[in-house]
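Visitor: First the structure, which I've put down as structure tokens, then a few questions once you've had a look.
The values are calculated or read from the model by the stated rules, or taken from the named source; none is laboratory data. If you're wondering where the values come from, they're calculated on a predicted model, not measured in any experiment. Don't worry about glycine lacking a Cβ; one is built from the backbone with ideal geometry, like all the others, and counts go over all protein chains shown.
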Amino acid sequence: MGGEKEGRAGAGAGERKKPLMRGVLHQVAAAVSFVAGGAMVGHAAPDSKAMVAGAIYCLSLVFLFAASATYHRPDWEPRERKILRRIDHGAIFVLIAGTYSPIVLLTFESGTSAEKYVGFIWLLALFGILLSVFWPSAPKGLVAAICVGFGAIGLLEHKSFQLTGAELFVIGLGGVFYVIGAVVYAVRRPDPFPEVFGYHEVFHALTILATVCHFGVIWELTS
């Protein structure tokens with residue numbers, strides 16, 4: 001995610017110089033998730049549901065990190081920056097739906113209900129993507145609240161998930177990292193080293209911790 005006016009060099013009045021580490025964490029995460037995603041699909045149980053569910057998650061994960069790194073690393077011209085910003089924000093909703101997909105498909109009590117619920121989640125993701133495209137300047141606090149609300153949608157059907165206590169704990173821990181990250185993004189604090197590693201890098205680090213938690217659970221579910 002991003003939105004503040006930043007440039008690595010030549011920042012003018014009202015602009016904040018882009019930290020040197022902006023996008024680096026997600027650039028590395030994109031490469032790691034590509035390799036790890038391939039390993040997950042290759043390690044998945046030999047049935048179509050597990051492989052497809054794992055592939056959906058891995059593709060959404062790589063897409064998010066790649067979109068974020070592409071948007072944040074270079075200094076783009078205003079026109080290209082606006083386009084990439086929309087893609088970056090939309091990718092968040094893709095990952096939320098992509099994370100839910102294997103968990104729902106592989107642990108819901110009813111297969112038919114699982115498919116319907118996944119469809120509902122992707123419909124909500126489409127709404128989020130359209131919001132990112134047509135209202136890219138939405139307030140940070142509102143964007144963070146929408147993402148957290150979307151991410152918590154699974155609580156509505158929490159009794160339908162057949163998960164172990166450990167799996168629920170790790171999924172919940174990942175959710176906590178996401179929520180803390182959303183708060184950091186909204187309030188722009190803490191901002192430890194603004195010229196090198198600022199609040200946005202803290203936010204990116206928290207998203208990586210969250211995905212590590214969820215990746216571990218989904219690896220087990222698809223195995």
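Visitor: Among Val183, Val212, Val196, which is the only one that is under 12 Å from the mean Cα position of the chain (by Cα) and either closer than 19 Å to Pro19 by Cα or surrounded by fewer than 20 Cβ atoms within 10 Å (Cβ to Cβ) (or both)?
Guide: Matching residue, one of Val183, Val212, Val196: Val212.
Visitor: Could you tell me whether Pro74 is crowded, with 21+ Cβ neighbours inside 10 Å, in a loop (DSSP other than H, G, I, E, B) and at pLDDT 95 or above?
Guide: no
Visitor: Got a sec? Which of Val176, Val202 is modelled with pLDDT of 95 or more and either surrounded by 15 or more Cβ atoms within 10 Å (Cβ to Cβ) or under 16 Å from Arg16 (Cα atoms) (or both)? Even if it seems obvious, please write down each step before you answer.
Guide: Details: Val176 fails: either surrounded by 15 or more Cβ atoms within 10 Å (Cβ to Cβ) or under 16 Å from Arg16 (Cα atoms) (or both).
So the residue among Val176, Val202 that is modelled with pLDDT of 95 or more and either surrounded by 15 or more Cβ atoms within 10 Å (Cβ to Cβ) or under 16 Å from Arg16 (Cα atoms) (or both) is Val202.
Visitor: Of a type outside the set (D, E, K, R), under 18 Å from Glu167 (Cβ atoms) and modelled with pLDDT of 95 or more, is that true of Thr99?
Guide: So Thr99 fits the description; yes.
Visitor: Return the residue satisfying two criteria in turn: it lies in segment 107-154 and is among the β-branched types (Val, Ile, Thr) and within 14 Å of the chain's Cα centre (by Cα), and of such residues it is surrounded by the most Cβ atoms within 10 Å (Cβ to Cβ).
Guide: Among those that are among the β-branched types (Val, Ile, Thr) and within 14 Å of the chain's Cα centre (by Cα), it is Val143.
Visitor: Turning to a different aspect of this structure: Can you give me the number of residues within segment 159-175 that are touching a helix residue (DSSP H, G or I) at 6+ places or on another chain (Cβ under 8 Å) and either acidic (Asp, Glu) or in a helix (DSSP H, G or I) (or both)?
Guide: 7
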